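> Have a look at the structure that comes next, please.
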Amino acid sequence: MAETTIRLTESTYRAVHDKLETGEFDNEDQVIDAAIKALDHYDYEAKMDTLRNAVLEGKNSEIVHNFDPDKLLKEIHKDFEAKCGHI
């Protein structure tokens, strides 16, 4: 197991120890591990919400007739170069 030292604000230190006082965790490591898992879950849910919204937007959009993927790709490249410069 890797070891490191971290500096906590007073409020974060108190929050960690408040969690320990509940008896739900045996040590600081478990509190930090739970916090990281919660952040990972939050990130996952945020990505899933973005994906769900994109799918719904596509589902609710109009059907495009005469779609030209090459034209779209050229427009995307043109926009990219305008924002980021030529690669």
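Derivation of every value follows stated rules applied to the coordinates shown; laboratory data play no part. Quantities reported herein were computed from a predicted structural model and do not represent experimental measurements. Because the Cβ atoms are built from the backbone with ideal geometry, glycine has one as well, and the counts that use them run over all protein chains shown.
> Where a Cα-Cα gap under 19 Å defines reach, which aspartates and glutamates qualify for Lys78, not counting those fewer than 8 residues away within the same chain?
Asp68, Asp70
> Please list, short to long, the whole-number percent of alpha-carbon pairs of the chain in consecutive 10 angstrom bins beginning at zero.
Binned Cα distances yield the sequence 13, 21, 21, 14, 17, 13, 1.
> The chain: which chymotrypsin sites (Phe, Trp or Tyr not before Pro) are DSSP loop and have at most 10 other beta-carbon atoms within 10 angstrom?
Phe67
> Let me ask something else about it. Springs between alpha-carbon atoms under 10 Å, Gaussian network over the chain: tell me which of Asp68, Asp43, Asp33 tops the mean-square fluctuations.
Answer for the Gaussian network model of the chain: Asp68.
> Separate question: Work out from phi, with θ = phi - 60° and the Karplus expression 6.51 cos²θ - 1.76 cosθ + 1.60, the ³J(HN,Hα) of each residue of segment 52-66, listed in order in whole Hz, and give x for Gly and Pro.
4, 5, 5, 5, 5, 4, x, 5, 8, 7, 6, 7, 9, 9, 6
> Give me the distance in nm between label points sitting 7 Å out from Cα along the Cα-to-Cβ direction at Ala38 and Asn53, one decimal.
2.4
> Please compute the length gained on full extension between Glu28 and Val64, using 0.36 nm multiplied by the number of residues separating them and subtracting their Cα-Cα distance.
The Glu28-Val64 span can extend by a further 7.4 nm.
> For segment 10-59, take the alpha-carbon Rg, divide it by the Kirkwood Rh, and send me Rg/Rh.
1.28
> Please build a GNM for the chain, connecting alpha carbons under 10 Å apart, and tell me which residue among Ala38, Ala46, Ala15 fluctuates the most.
Largest GNM mean-square fluctuation: Ala15.
> Between Glu10 and Lys71, what is the label-point separation in nm under the 7 Å Cα-to-beta-carbon projection?
Here the answer is 6.5 nm between the modelled labels.
> Could you name the aspartates and glutamates whose alpha carbon sits less than 12 Å from that of Lys83, not counting residues in the same chain fewer than 8 places away?
The reachable aspartates and glutamates, counting only those whose Cα sits under 12 Å from Lys83, number zero.
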